[in-house]
1. Would you look at the GNM of the chain, springs on alpha carbons closer than 10 Å, and say which of 34, 45, 11 moves the most?
2. How charged is the neighbourhood of residue 31? Take every other residue with its Cβ under 11 Å from the Cβ of residue 31, and add Lys/Arg as +1 and Asp/Glu as -1.
3. Gain in length, residue 12 to residue 58, computed as 0.36 nm per residue apart minus the alpha-carbon separation, to one decimal in nm?
4. Helix 6-22 versus the longest principal axis of the chain: what angle, 0 to 90°, nearest 10, using Cα atoms?
5. I'm a student and want to see the number: the projected area of the Cα convex hull of the chain, averaged over all directions, in nm².
Amino acid sequence: MATIDVDALREYLRDYYGTAMLAGFWPAVADLGELDALDGRELCERAEELGIDLRRFVVGE
């Protein structure tokens, strides 16, 4: 099992949702607001649901 840099992933998702919000997709505001409450596993699951390749955030390989 790989180790994921969840801080970098969280920051990436903030940018992802922020961009969506600025593009007019206002429901992204709710998703952006809950990012800080997600633990590492939930954060990874959310990223996978969005089609984000978690290999970009692997550390120590």
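1. 34
2. Values: positive: 14, 46; negative: 34, 49.
That sum, taken over residues with Cβ under 11 Å, equals 0.
3. Here the answer is 15.2 nm.
4. The angle comes out near 20 degrees.
5. On the way: hull surface 16.2 nm².
Convex hull of Cα atoms, orientation-averaged projection: 4.1 nm².
Read-outs throughout are calculated quantities, based only on the coordinates presented, and are distinct from any laboratory measurement. This is a predicted model, so every value here is computed, not measured. Cβ sites come from the backbone with ideal geometry, for glycine too, and all protein chains shown count toward neighbours.
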